[in-house]
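Engineer: Could you have a look at this structure, given as C-alpha cells, before my questions?
The values are calculated or read from the model by the stated rules, or taken from the named source; none is laboratory data. Please read all numbers here as calculations on a predicted model, not as lab measurements. So basically every Cβ, Gly included, is an ideal-geometry build from the backbone, and we count neighbours across all protein chains shown. Each accessible area value is taken on the protein alone, full model and side chains, heavy atoms only, with ligands, DNA and RNA left out. Shrake-Rupley method; radii C 1.70, N 1.55, O 1.52, S 1.80 Å.
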There are 2 protein chains.
Amino acid sequence: MSENEVLVGKKPLMSYVLAVITQLSEAKGDVVIKARGRSISSAVDIVQIVKNKFAKDAKIGEVKLGTQEVEAKEGGKINVSTIEISIRK
Amino acid sequence: MSENEVLVGKKPLMSYVLAVITQLSEAKGDVVIKARGRSISSAVDIVQIVKNKFAKDAKIGEVKLGTQEVEAKEGGKINVSTIEISIRK
C-alpha cells in the first residue's frame, strides 16, 4: 500500500486542506483523510472545502467508519469512533 | 421514498441510539442517520454504538457527505458539512 494519508488533529482546518491538496496533486492513487472522536466533523469539513473550493474535479470515494480502543487518561480503555475518507482527482 | 430517518441534534447520544434501534426493528429498508456540523461526530458514535452493542448483525451501507448553506445568526450565509449514514439489519 502506497497510500497517502492525512491524519486530522487540532491544527487549523486550512493546514489540513493544504496537505490534502498537495498530496492530491502528487499522489498516484487515493488520498485518505483519517480522524477520530471530535475531529471527525473537521475531517468532513476539510473534504468539503477541498472539493467545493480547490479541487472541484476531485471525487469522494469510500467512507469507512470504525471504532478504536484507546487508553483513557484516568486508566482503563475507552472506545473512540473513527472515519477514513478517500478522495481522488 | 419511505425512508426512516433519525436527525442527530443536541439530545443525549443514547436517545438517538434508542431511536435507531426502534426504527431498525420496525423499518423495512434502511434507516438513515443524518447530522450536520459538530453533530457529525455524534452521528458516527451513534452508528458505532448501535452496531457494536445492540444490533451486531446491522450493516453500514452508504455514507454520503455534503455541504448545506444555512442562514447565519449574524445574517448572511455559511456552509455547513453534512453526513448521511445508512444502516440496515
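Engineer: If you go through the stretch A:29-37 one residue at a time, do you hit one that is open to solvent by 40 Å² or more (accessible area, probe 1.4 Å), at pLDDT below 95, not acidic (D, E) and not in a helix (DSSP H, G or I)?
Structural biologist: Looking through the stretch A:29-37, at least one residue is open to solvent by 40 Å² or more (accessible area, probe 1.4 Å), at pLDDT below 95, not acidic (D, E) and not in a helix (DSSP H, G or I).
Engineer: Taking B:L65 and the conditions (1) open to solvent by 90 Å² or more (accessible area, probe 1.4 Å); (2) closer than 19 Å to A:S41 by Cα, which numbered condition does it fall short on, given that it satisfies the others?
Structural biologist: Among (1) open to solvent by 90 Å² or more (accessible area, probe 1.4 Å); (2) closer than 19 Å to A:S41 by Cα, the lone unmet condition for B:L65 is (1).
Engineer: Mind checking whether some residue in the stretch B:17-33 is of a type in the set (D, E) and farther than 24 Å from A:E84 by Cα?
Structural biologist: So the first thing to find is which residues in the stretch B:17-33 are of a type in the set (D, E), and the list is B:26, B:30.
Next, from what is left, pick out any that are farther than 24 Å from A:E84 by Cα: B:26.
Yes, that holds for at least one residue.
Engineer: Hey, A:M14 hits all of (1) open to solvent by 50 Å² or more (accessible area, probe 1.4 Å); (2) in a strand (DSSP E or B); (3) out of contact with any Asp or Glu (no Cβ under 8 Å at 6 or more places or on another chain) but one; which does it fall short on?
Structural biologist: Exception for A:M14: condition (2).
Engineer: Restricting attention to the stretch B:13-54, which residues are more than 14 Å from every other protein chain (Cβ to nearest Cβ) and of a type in the set (G, A, S)?
Structural biologist: B:S15, B:A19, B:S25, B:A27, B:G29 - these are the residues of the stretch B:13-54 that are more than 14 Å from every other protein chain (Cβ to nearest Cβ) and of a type in the set (G, A, S).
Engineer: Further question: From (1) within 14 Å of chain B (Cβ to nearest Cβ); (2) surrounded by 15 or more Cβ atoms within 10 Å (Cβ to Cβ), pick out the condition that doesn't hold for A:K77.
Structural biologist: Every condition holds for A:K77 apart from (2).
Engineer: Another question, if that's okay. Enumerate the pairs (first residue in the stretch B:78-89 and among the polar types (S, T, N, Q); second residue anywhere and surrounded by 19 or more Cβ atoms within 10 Å (Cβ to Cβ)) with beta-carbon separation below 6 Å, excluding pairs fewer than 6 apart on the same chain, so at least 6 apart or on different chains.
Structural biologist: Correct list of pairs: B:S81/A:V44; B:S81/A:D45; B:S81/A:Q48; B:T82/B:R36; B:S86/B:D30; B:S86/B:V32.
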